[in-house]
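Peer 1: Shown below is the structure under consideration.
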């Protein structure tokens, strides 16, 4: 981890990512619970005594995916937005992976159905980044 603060996604970033997803794939616009969404988006930033609860960057990316997908605060497109937010956050660290990665799709579905933990999401993101890196070699 560097000495700089993480480049977290803002609520407006997440709303823009959600809108872009709806423009590409369709779905119902809107947010069911703005306060709940704001809470989900702030989870990667949570910490205590100057430190963060989630490690940088995979733990923080996992928190975006997990809390947005699990909380379902958008009217539609929660899973797509959650995965896209995690990937955009990782891109800020120059970590790329394929959005079509089967492991990422599976873990996102598992989160939404309540069948995955935050730790499992973190592991899935790391593994997807590793697969993507190997495929590019």
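The values are calculated or read from the model by the stated rules, or taken from the named source; none is laboratory data. Keep in mind it's a predicted model, so treat the numbers as computed, not measured. In this analysis, Cβ positions are derived from the backbone assuming ideal geometry, glycine residues included, and neighbour counts consider all displayed protein chains.
Peer 1: Output the residues belonging to the range 8-34 that are out of contact with any helix residue (DSSP H, G or I) (no Cβ under 8 Å at 6 or more places or on another chain), under 18 Å from residue 88 (Cα atoms) and either part of a loop (DSSP other than H, G, I, E, B) or touching a residue at least 24 places away in the same chain (Cβ under 8 Å) (or both).
Peer 2: Of everything in the range 8-34, just one residue is out of contact with any helix residue (DSSP H, G or I) (no Cβ under 8 Å at 6 or more places or on another chain), under 18 Å from residue 88 (Cα atoms) and either part of a loop (DSSP other than H, G, I, E, B) or touching a residue at least 24 places away in the same chain (Cβ under 8 Å) (or both), namely 22.
Peer 1: Scan the range 94-115 for residues that are assigned to a loop (DSSP other than H, G, I, E, B) and touching a residue at least 40 places away in the same chain (Cβ under 8 Å) and jot them down.
Peer 2: Listed by number, the list holds a single entry, 114.
Peer 1: Taking the range 35-52 as the search range and keeping residues that are more than 15 Å from residue 89 (Cβ to Cβ) and at pLDDT 95 or above, which one is farthest from the chain's Cα centre (by Cα)?
Peer 2: 35
Peer 1: Considering the range 53-90 alone, what residues qualify as being within 15 Å of residue 109 (Cβ to Cβ), more than 10 Å from the chain's Cα centre (by Cα) and surrounded by 23 or more Cβ atoms within 10 Å (Cβ to Cβ)?
Peer 2: 78
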